[in-house]
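For reference, the structure is listed below as C-alpha cells.
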Amino acid sequence: MKTKKMKRCAALALAAVLALSMTACGSSGDSSDTDGTASAATTAEAGASADATTTASGGTFTFGCDYFSEYIDPSVNVNSAWSLVRFGVGETLFAFDEDAVAQENLCDEATTDDYITWTLHIRDGITFSNGKELTASAVVACWEMMYEKEAAGSSSAPSQYLPDPTFTADDEAGTITVVCSDVTTNLKGILAYPYFAVIDVDSYEEGVVDSVIGTGPYVLESYVEATSKTFVKNETYWNGEVPYDGYTAIYMTDSTTKALAIQSGDVDVVENVTTASDLETLKADSAYTVESTAGGRLANTYFNFEGMLGNEALRQAIQYAIDDETMCNITVGGIYTAGCSVLPSSMDFGYDQLTDPYEYDLDKAVEVLDEAGIVDTDGDGIREIDGENINLVYLTFESRQLQTFAEAIATVLNSIGIGVDYQVKDYDTILGLQIAGDFDMVSSNAIIVPTGNPDAFLGNFYSGNSQDYGYYSNEEYDAAYEKLIVSTDENEKMELYVEMQQILIDDAATIVHGYYNSSITYNNSVITGVKMYPLDYTWITTDWAPVG
C-alpha cells in the first residue's frame with residue numbers, strides 16, 4: 001500500500017532528480033549516459049540531511065543507480081530479475097561470493113551422485129517478508145511459474161541455463177529433487193542466477209510492481225514510475241539484523257549526475273560512475289571510497305566470418321593495429337582492464353598460461369596486409385580484397401564506452417587503409433542486425449560467467465551456435481567444446497578452457513577490448529560495508545550499515 005507519507009517522499013525524490021539532472025546538464029553539457037541516483041524517504045519528509053539520517057542506528061540511506069527495469073519480477077525480463085536481487089528483495093538458493101564461487105544461501109545442502117539428479121535441502125526457519133514460510137513447494141511453485149511464463153512468451157529464459165528440468169518438492173523432508181536433462185556439474189551456479197530467485201507466487205499479481213514478495217532484507221514499499229523506488233526493512237528477515245529501516249533508490253540519467261549527487265550529499269552511494277574525470281575525482285577525495293573490481297563482464301567485438309573478415313590476414317592486421325592498453329587506460333579512462341582473451345584475467349581460467357601473438361604493432365599490421373596482397377590498387381586510400389574495397393560496417397551502442405572503443409578502432413583502421421563505417425544504434429536494433437548477420441563487426445558487453453563458469457559463453461564460438469555471433473567455425477575448438485560441456489573433471493575442464501582460449505586468440509576470432517571494472521562509490525562518513533562483487537547481481541545486503 002502506498003501511504004501518504006511514502007507518496008510525499010516519492011514526490012520529493014522526483015523533485016530531487018529533476019534538480020540534479022538540471023544541475024548536471026548545465027555543468028557538463030552531456031546527458032547521453034543512462035545512469036541513476038537515490039534520495040532518502042524518511043529524511044526527505046523530515047527535511048534532514050543524508051548525514052543526519054545515516055550516522056545513527058536505523059534510519060535510511062539513498063542509492064543512485066541506473067534505470068534497469070520498472071519491475072522487480074524475475075519473470076518479466078533479465079533486468080527485472082537482476083533488480084529483484086540487486087535491491088535486496090529477492091534471494092536465490094545459492095549466492096556468489098567475492099571469488100565468484102556459488103555458496104549455500106536459502107539452500108544449506110546440495111547432493112548428487114551423477115550430476116543429473118540433485119537433492120537440495122531448504123534451510124529451516126526462513127519466511128517470506130509477508131511471514132509465509134519458505135517451503136520446498138513454495139520454491140518449486142516459483143520456478144515452475146518462471147518456466148510457464150517463458151513458454152508463454154516472456155523474455156525471461158531460465159531454460160537458457162537449465163533446460164527441461166523437473167522439480168519435485170518434499171515439504172516434510174524440506175527438500176527439492178531436481179532432475180536435469182543432461183549432466184549438470186554447475187547446478188549451484190545456475191541456481192545462483194537471478195532467474196531462480198524465489199518469490200511468493202500466492203501474493204504475486206502479474207504487472208503489479210509492488211506485489212513481488214521475496215525473502216531478502218528489504219521490501220518494496222512504493223515507487224514513482226521510471227523515477228524512484230522506496231524500500232523498507234523486512235521485519236522477519238532470516239539472516240541477521242537489517243541495519244537500516246529502509247532506503248530509496250532514485251534513477252539518474254548520466255554518470256556525471258551520479259558523481260555530482262554523491263559529492264553534494266544528495267545520495268550516499270552510487271553505482272558505476274563511468275565518466276573518467278568524475279571517477280578520478282572521487283578516487284582522489286578521501287571522503288569517498290570507490291570499490292572497483294575487474295569482474296566477469298567482457299567488452300569485445302564480434303567478426304562476421306561470412307564477409308570480408310573471413311580473411312585471416314585482415315583479422316590479424318586488425319589485431320596488430322589495436323593498442324588495447326592505451327584504449328583501456330587512456331581512451332576510456334581506466335574503466336576497463338586490458339586483456340587478450342575472452343575470459344577475464346581476474347578469474348581462475350588459466351589466463352597466465354595464454355600467449356598473445358598480436359601485441360600492438362601498427363607497422364606489423366601494414367606489413368601483414370601488404371604481404372597478403374591486401375593493397376590499395378586505385379589510389380583512393382582504401383585497400384581491396386579480390387578487387388573490392390574494404391568497407392566494414394561496425395555496429396555499436398552507447399553503453400559502458402563501447403561507442404568510444406568503436407570510434408577509436410575505426411580511426412586507426414581507416415589510417416592504414418581498412419575502411420570502417422561505425423554506426424551507433426540502440427541495442428534492440430543492434431541485436432536484430434546481429435542475429436540476422438547483417439554486420440561486419442559488432443560491439444558486445446556481456447557477463448561471460450553468468451552462472452560462475454564460462455561454458456555457455458564459450459558456446460557462442462561453437463559452430464553449432466555461432467550463427468548469431470558471426471559464424472565462427474574451427475574443428476579443434478568444436479571438439480574441445482563438446483568435451484567441455486559433458487566433463488565432470490575440474491582439471492580436464494581447466495585444460496579445455498586454456499586450449500579453447502588459445503585457439504580463439506590464434507585465430508584472431510574476436511577483438512577483446514578488456515574487462516569492465518564495475519564500481520560502487522560511497523560516502524565514508526555515512527555508510528560502511530559496501531562491496532562490489534565480480535558477478536554484480538549482489539548490491540544491497542545487510543553488510544551495508546550506518547557509520548557510528
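A few notes on this one:
- Take each peptide in 428-434, 227-233, 263-269, count the other Cβ atoms within 10 Å of every residue, and average; sorted highest first, the result is 227-233, 263-269, 428-434.
- In Å, descending, principal axis extents of the Cα set of the range 60-178: 44, 36, 32
- The average projected area of the range 397-519, computed from the convex hull of its Cα atoms over all directions, is 8.9 nm².
- Cβ charges +1 (Lys, Arg) and -1 (Asp, Glu), total dipole of the chain, debye: 2520
- Under 14 Å of direct C-alpha separation, and excluding same-chain neighbours fewer than eight residues apart, Lys188 reaches these aspartates and glutamates: Glu91, Asp97, Glu104, Asp108, Glu109.
- Whole-number accessible area per residue in Å² for the chain, which is evaluated in the context of all protein chains at 1.4 Å: 39
- The range 347-411-the range 519-548 distance, computed between alpha-carbon centres (Å): 40
- Longest site-free stretch - the chain; sites: GluC sites (Glu not before Pro), DSSP loop, at most 14 other Cβ within 10 Å: 360-548
- Sum of side-chain charges, Tyr195 neighbourhood, beta-carbon under 14 Å (Lys, Arg +1; Asp, Glu -1): -3
- Taking a ≥ b ≥ c as the square roots of the eigenvalues of the Cα gyration tensor, the range 337-391 is prolate, since a/c reaches 1.5 or more and a/b is larger than b/c.
- The local environment of Val420, defined by Cβ-Cβ distances under 10 Å, has a net charge of -3 under the rule Lys, Arg +1 and Asp, Glu -1.
- Highest to lowest packing among 505-515, 536-546, scored as the average C-beta count within 10 Å: 505-515, 536-546
- The Cα center of the range 164-220 and the Cα center of the range 252-308 differ in position by 32 Å.
- Neighbour net charge for Leu93 - beta-carbon separation under 11 angstrom, K R +1, D E -1: -2
- The range 284-370: relative contact order in percent, alpha carbon pairs under 8 Å with at least 6 residues between: 37
- Residue (of Val224, Leu282, Ile520) at the positive-pole extreme of the chain, dipole from beta-carbon charges: Val224
- Size of electric dipole in the range 420-493: Cβ of Lys, Arg +1 and of Asp, Glu -1, about Cα centre, debye, nearest 20: 160
- Over 23 Å (Cα to Cα) - which of Lys149/Lys493; Lys149/Lys229; Lys132/Lys233; Lys425/Lys531; Lys149/Lys531 fall in this group: Lys149/Lys493; Lys149/Lys229; Lys425/Lys531; Lys149/Lys531
- Label-zone membership for the range 533-548, site Ser399, 7 angstrom Cα→C-beta point, backbone N under 16 Å: 536-537
- The trypsin sites (Lys or Arg not before Pro) of the range 85-173 include none that meets both criteria, a DSSP state outside H, G, I, E and B (loop) and at most 13 other C-beta atoms within 10 angstrom of the site's C-beta.
- The reciprocal of the average 1/r between distinct C-alpha atoms defines the Kirkwood hydrodynamic radius, which for the range 331-436 equals 16.3 Å.
- Normalised by residue number, the volume inside the convex hull of the Cα atoms of the range 239-285 is 113 Å³ per residue.
- In the chain, helical runs assigned H by DSSP with n ≥ 4 each contribute -39500 (n - 2.57); averaged across all residues and rounded to the nearest 500, the mean residue ellipticity at 222 nm is -8500 deg cm²/dmol.
The values are calculated or read from the model by the stated rules, or taken from the named source; none is laboratory data. No experiment lies behind these values; they were computed from the predicted model shown. Cβ atoms come from the backbone with ideal geometry, glycine included; neighbour counts cover every protein chain shown. Just so you know, the surface numbers come from the protein's heavy atoms only, side chains and all, with ligands and any DNA or RNA stripped out. Shrake-Rupley method; radii C 1.70, N 1.55, O 1.52, S 1.80 Å.
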